[in-house]
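What follows is a set of notes on a single structure, which appears directly below.
Just so it is clear, none of the values below were taken in a lab; they were calculated from the coordinates. What you see is a predicted model, and the numbers here were worked out from it, not measured in a lab. Here Cβ is always computed from backbone atoms with ideal geometry, including for glycine, and neighbour counts include all displayed protein chains.
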Amino acid sequence: MMRVGLGFDVHRLVEGRPCRLGGVDLPHPTGPLGHSDGDAVLHALADAVLGAAGLDDLGTLFSDRDARWQGVDSAELLAECMARARAQGWRLANADVVIATEGPRIAPHRAAMRARIAAILGVEPEAVNVKGKTLEGLGALAGGTGVAVQAVCLLVHEGY
Ligand code: MG
């Protein structure tokens, strides 16, 4: 049996925050605002994994009103979500991500993000793809005010 999962996340990009996306620290003067480290890429991936496994969502499992998750490394959250899916018999076949932003350039860091995400998820880098898109100067995220991320993943159940 296979199941697909979809995740989406948006964070503002503000001054004075490290720019961590896809588990990689990017050299950029603004970074994602958030209760955790604000890594919208890992948040979207976590929701994709949880969605495919039928396991609630990131905001329910790790509430942004819970002081335990203040400033947490989102890699820990994604790893925990994948561990929960794995405990239910699910294995990750692949994950794919689109990062839409006019803030940091994504292309120079794609390989590092793929490797980092794959390590967090416990799969080979070939099973993870990352793509950056600009917004053509349109909409609320134009000019680098934020980052929006879409993620999908495919889980395969070992027991079927
Ligand atoms: Mg988020």
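Only bridges whose two residues both fall in the range 2-157 count here: according to DSSP, what percent of them are antiparallel, nearest 5?
Within the range 2-157, antiparallel bridges account for around 80 percent of the total.
Output the peptides 92-105, 110-123 sorted from most to least packed, where packing is the average of other Cβ atoms within 10 Å over each peptide's residues.
Numbers: 92-105: 20.6, 110-123: 18.7.
Descending mean neighbour count gives 92-105, 110-123.
Charged side chains reduced to their Cβ positions (Lys and Arg at +1, Asp and Glu at -1) give the chain a dipole of some 220 debye around its Cα centre. Less than 5 angstrom separates the built amide H of L26 from those of C19, R20, L21, all sequence-distant by 5 or more or on a different chain. Normalising the average separation of contacting C-alpha pairs (under 8 angstrom, six or more residues apart) by the number of residues puts the relative contact order of the chain at 34 percent. Across the range 80-160, Cα-Cα distances exceeding 16 Å account for 57% of all pairs. Collect residues whose amide H, placed 1.01 Å from N in the peptide plane, falls under 5 Å from the amide H of K133; neighbours closer than 5 in sequence don't count. Placed amide hydrogens put I99, A100, T101 under 5 Å from K133.
The orientation-averaged projected area of the convex hull spanned by the Cα atoms of the range 2-157 comes to 8.4 nm².
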